[in-house]
Amino acid sequence: MLPLELHNLRFSAGGHPIIRGISARLEAGPRSIILGPNGAGKSVLMRLCHGLLVPSGGEVIWHGAKGGDPRRRQAMVFQRPVMLRRSALANVIYGLKLAGKSPRECELRAQDVLEVVGLAQQASRPARVLSGGEQQRLALARAWALGPDVLFLDEPTANLDPAATQEIESLINMIHAAGTKIVMTTHNLGQARRLGDEVLFIDRGLLKEQTPIERFFSKPASSEAETFIRGELP
Amino acid sequence: MSGLGEAFAAAWALIAGVEPGLVSIVLLSLQVSLSAVLIASAIALPLGAAIAVGRFPGRQLLIVLLNALMGLPPVVVGLLVYLLLSRAGPLGSLGILFTPSAMVVAQTVLVVPIIAALSRQVIEDAWREYDEQLRSLGASRPSAALTLIWDTRFSLVTIVLAGFGRAAAEVGAVMIVGGNIDGVTRVMTTAIALETSKGDLPLALGLGLVLLALVLLLNALAALIRELATRRYG
Amino acid sequence: MNRFRRLLLSLVLVLSVTGVQAQQNFITVASTTSTEQSGLFRHLLPVFEKKTGIQVRVVALGTGQALDMARRGDADVVFVHDPAAEEKFVAEGFGLRRREVMYNDFVLVGPKSDPAKVLGSRDIVDACKKIAAAGAPFASRGDKSGTHAAELRLWKTAGVDPQGGKGSWYRETGSGMGPTLNTASAMNAYAFTDRGTWLSFRNRGDLVIVVEGDQRLFNQYGVMLVNPAKHPHVKREQGQAFVDWVVSPEGQATIASYKIGADQLFFPNAKR
């Protein structure tokens, strides 16, 4: 269903403009990292793309979605995963059931993805008693189980320790390798370098540049990005 | 103070003696109030959840109304239900006035606003946490409401118990629609009212202590279940 | 989820099993607190139920409320004690032939200290005058019951308007006989009560009977079937069976045999 095209996208809340006219095109393939200072509008932009927020102006166009519902072919992982008060397995099944899968399909697929993210042993444990890292892996499993064309990740490792972060990163790479487009925000520039193919740099609600990762870090096009990189890197 | 001493003695004699009359009164109390609370929960929990996740005109007004109805005097409810169920009333042909069924109806009316208003609050708080995650997974509002009821179940148990407490403790409504008929509609509270009016204050207070002990026992049980469940499910 | 459902199911099961068996052969009698609380029905009804298999469900209210309840069609039989109101009830077509059943008497109770100096008198009207004159506290039902109606008639005969004493000595409780006696006991007030309720009343405090035996304290009970022409669902046969039995020699003897200690509470006087 890609490419995704944003056309003069705007969003304001309570009279405050947060996204002030962003146009961009996200192609299938490259892992897109959305960077920008706090309050730049990264999370809001992602929610607009995912359809959780309704734009105040402009359009989100899924070009490849012929007939089908684009919402059904994307998934999102949040900074703080919301675990339902049920077992890890049931959490994954919950999403699959909503996607209209048969009970048998749900069960098999859920067990598969738990195996992949390394939570097979924890399948029957209540999701809320898992560790933070395990919960985020479960959130990834729940999202990925839906077989999305696009996976949005909103600072998925912000609350995790380095070991758990590394597990999540390798899972993201694996999901990407299996053919899913990755769109992700992060504060961690090292992570952006490790995981990203291209950068969308946002500042105060505007897209300053969309650049391949290497060029972004060595030779950013915008002065705001240059300041940002200098400020963020030690 | 000697009155209190006598009351404890009377309560003890009632419990230790296991009078068959008392047992049937206690059973009827439990039957009526538990039935009322079950029916009320079946109505009020979905109602509370619907208001919590729904966005419709008049919603705020409905919330204010429900909160106000929590303080509905039982006598007023009793009178309304009496007028409804009386032979001269619109539902008179049912012929259930002065039966336990009428008492269940009255207590249900009394308890629905309590469970609905309190569960609305709890579920709305949970909805704030779950909103984006559930919508991201593609849950419709009705299915989100059901998910939230299930996920807040431990808090809801406390609310349902509060409803039970109100039902089991009220006398105004069941007195009017039940008629306090010996062996048919006499429950703990109407028996207490009767003994009070006969001037047998120790016996009345003794019955009151038995009622208190029952409600206490039920609450302790629920607290225990909640504690164990929370420890298990997080 | 499954465990929850199982819990719910078993709860419903328990509830239905403990449910009161639906008894179809019963009548509803609207009666007064004085007959219920004196314990007469506990003595009387089992005899009737055993004989006929008809369960009698008594809803005890004030006479006024009991008659209103019957007017709405919520009772099959009325068993009350306010002849004037009963005759009006029959005249309006709500009740069939009224039968006199029994009488007991009213008594005036009051504190031993007797501030109105009426203790031992046999003249109830004189006692009323003295209480009003002394401004001694008096607790009235104030609930349109038969007892309340009888009390108001006595004030009228005595030429006293108790409404004038409202806020000072005349206190309306707006409740049944028992609660009114509880109030009187707590306030050391005089009160007008039927003897049956008084005899079975436990929380007397300093109260004693101060006036009794006056002819004007006579308290007649009547019983009648609610008119099936007004309310077709009235259980005519069973209701009439109850009325007939209460005024029959057997019913009358059962009433006479009800005693608290050595005191007979009700005196059968049905006309053959």
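The values are calculated or read from the model by the stated rules, or taken from the named source; none is laboratory data. If you're wondering where the values come from, they're calculated on a predicted model, not measured in any experiment. We place every Cβ from the backbone using ideal geometry, glycine too, and count neighbours over all the protein chains shown. All accessible areas refer to the heavy atoms of the entire protein, side chains included, with ligands and DNA or RNA removed. Shrake-Rupley method; radii C 1.70, N 1.55, O 1.52, S 1.80 Å.
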Probe radius 1.4 Å, ligands and nucleic acids left out: which of B:Leu65, B:Leu217, A:Leu89, C:Leu44 has the largest accessible area, and how do the rest follow? B:Leu217, B:Leu65, A:Leu89, C:Leu44
Given a 10 angstrom Cα cut-off, can you work out which residue in A:Pro126, A:Pro156, A:Pro103 is the most mobile in a GNM of chain A? A:Pro103
Only counting protein heavy atoms at a 1.4 Å probe, give the residues of the stretch A:66-96, ordered by number, whose accessible area falls by 40 Å² or more when the other protein chains are present relative to the chain alone. A:Phe78, A:Val82, A:Leu84, A:Arg85, A:Arg86, A:Tyr94
At 7 Å along the Cα-to-beta-carbon direction for both A:Ala178 and A:Glu105, put a label point, then send me their distance in nm to one decimal. 1.6
Any residues in the stretch A:11-60 that have 10 Å² or more less accessible area with all protein chains than in their chain alone, probe 1.4 Å, and which are they? A:Arg47, A:His50, A:Leu52
Taking the solvent-accessible surface of protein heavy atoms with a 1.4 Å probe, what is the per residue accessible area of chain B in Å²? 43
I'd like the accessible area for B:Lys198, computed on protein heavy atoms only with a 1.4 Å probe and all protein chains in place. Round to 10 Å², please. 60
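Where the only charges are on Cβ atoms (+1 Lys, Arg; -1 Asp, Glu), what is the dipole of chain A about its Cα centre, to the nearest 20 debye? Let's see the in-between values first.
Numbers: 29 positive and 23 negative charges, 134 e Å.
About 640 debye.
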Measuring with a 1.4 Å probe in the full set of protein chains, what accessible area per residue, in whole Å², belongs to chain C? 44
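Using square roots of five times the C-alpha gyration tensor eigenvalues, list the equivalent-ellipsoid semi-axes of the stretch C:104-217 in whole Å, biggest first.
Details: eigenvalues 58, 47, 43 Å².
Its equivalent ellipsoid spans semi-axes of 17, 15, 15 Å.
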Could you list the residues of the stretch B:25-45 with an amide nitrogen less than 16 Å from a label point located 7 Å from the Cα of B:Ala229 in the Cα-to-C-beta direction? B:38, B:41-42, B:45
In square angstrom, rounded to the nearest 10, how much accessible surface does C:Tyr103 have for a 1.4 Å probe? 70
Compute the angle between helix C:2-18 and the longest alpha-carbon principal axis of chain C, please, reported from 0 to 90 degrees and rounded to the nearest 10. 60
With all protein chains modelled, accessible area of C:Arg236 [1.4 Å, Å²]: 140
Accessible area buried between chains A and B, both sides summed, probe 1.4 Å, in Å² to nearest 100: 2000
Label model pair A:Arg215, C:Lys51: point-to-point distance (7 angstrom along the Cα→beta-carbon line) in nm is 11.0
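Taking the Cβ of B:Thr190 as the centre, find all other residues whose Cβ is under 15 Å away and add up their charges (Lys, Arg: +1; Asp, Glu: -1). Write down the numbers at each step before the final one.
On the way: positive: B:Arg186, B:Lys198, C:Arg57; negative: B:Glu170, B:Asp182, B:Glu195, B:Asp200, C:Glu36.
For residues surrounding B:Thr190, the net value is -2.
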What quantity of accessible surface, computed with a 1.4 Å probe and excluding non-protein components, is buried in total between chains C and B, in Å² to the nearest 100? 2500
With every protein chain kept in place and a 1.4 Å probe, the stretch A:85-234 has an accessible area per residue in Å² of 43
Magnitude of the Cβ-charge dipole of the protein assembly as shown, K/R +1 and D/E -1, about the Cα centre, nearest 20 debye? 880
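Quick one: in chain B, what % of C-alpha pairs are over 33 Å apart? Present the calculation step by step, with values, prior to reporting the outcome.
Details: 7654 of 27261 pairs.
Here the long-distance tail beyond 33 Å is 28 percent of all Cα pairs in chain B.
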Could you work out what % of the accessible surface of the protein assembly as shown is carbon and sulfur, using a 1.4 angstrom probe and leaving DNA, RNA and ligands out of the count? 59
With Cβ to Cβ distances under 14 Å as the rule, what net charge do the other residues near C:Phe266 carry (K, R +1; D, E -1)? -2
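How many partner chain Cβ atoms sit within 10 Å of a residue's Cβ in peptide B:191-202, on average, as a whole number? It would help to have the intermediate numbers written out before the result.
Details: counts 0, 0, 3, 6, 3, 5, 15, 16, 15, 5, 3, 2.
Shielding by partners across B:191-202 averages 6.
How big, in percent, is the set of alpha carbon pairs in the protein assembly as shown lying more than 39 Å apart?
54
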So, over other residues within a Cβ distance under 14 Å of B:Tyr82, counting Lys, Arg +1 and Asp, Glu -1, the net charge is +1
Quantify how strongly other chains surround peptide B:134-145 by giving the mean number of their Cβ atoms within 10 Å of each of its Cβ atoms. 5
As a test of reading the structure, rank A:Met174, C:Met177 by solvent-accessible area (1.4 Å probe, protein chains only), most first. A:Met174, C:Met177
Past 20 Å, Cα to Cα, is the threshold; run B:Lys198/C:Lys117; B:Lys198/C:Lys129; C:Lys129/C:Lys166; C:Lys130/C:Lys156; A:Lys42/A:Lys208; C:Lys144/C:Lys259 against it and keep the listed order. B:Lys198/C:Lys117; B:Lys198/C:Lys129; C:Lys144/C:Lys259
Reduction of at least 50 Å² in accessible surface, 1.4 Å probe, comparing all protein chains with the chain by itself, residues of the stretch C:192-237: C:Arg202, C:His233
What lysines does A:Lys97 reach when the alpha-carbon gap must be under 25 Å and sequence neighbours fewer than 8 apart in one chain are set aside? A:Lys66, A:Lys181
Counting DSSP beta bridges in the protein assembly as shown, what percent are antiparallel, to the nearest 5? 55
Using label points projected 7 Å from each Cα along Cα→Cβ, tell me how many nm separate C:Lys156 and C:His43, to one decimal. 3.2
